[in-house]
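Quick notes on the structure that follows.
Nothing in this text is a laboratory measurement; each read-out follows from the coordinates by a stated rule. Fair warning: this is a prediction, and the values are worked out from it, not measured in the lab. When we count neighbours, we look across all protein chains shown, and the Cβ atoms used for this are built from the backbone with ideal geometry, even at glycine.
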Amino acid sequence: MKKILLAGLFILSACSVYHDGAVVRPEYLVNRSAEKISFPISDSQSVSSVVDWISVGDKPSSAEVACNGSSESCRQVKNILNRYKISYTEGAVSSSSEQSVSLIYARLTASACFLKQLGCSTSLNSVRMVANREQFVRPFISDMQDAETAVTAVNKVR
């Protein structure tokens, strides 16, 4: 049992390497960025351009809708956002010419390594292999069910 725990500790310690006082950990290699794309929503033509954008490309993380609540194009845009399960915030505008919807794309990307940081390429590769990079920023908490499965697996290895 001690050998298994020591081997696991050794593997985990390989994820962070000390070199010249710098710590290279996968979570430090994740960068956040956001992109906002705005569309005017004055008529059915502009509403269809929003639909085309959402249906063809990536799903936005969220949206901001600035429109008059009684407008038909405003209701159509809100229905589209609800249909695609995109959360949005609302803001009011004074005239129908100022109505718009802004699609927000939040991105998590892997940053580049510096040449003198040992272990950085290994950490960077592990970041790139993770499908949901949100786990580095907001990690999931293991519960008892996960712990029981891990103990059962270790007991089977014995």
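Computed values, structure above
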read-out: Cβ-Cβ FRET estimate between SER121 and ASP58, R0 fixed at 30 Å, reported to 0.05; value: 0.60
read-out: Dimensions in Å of the range 33-107 - Rg and Dmax from alpha carbons; value: 11.3, 34
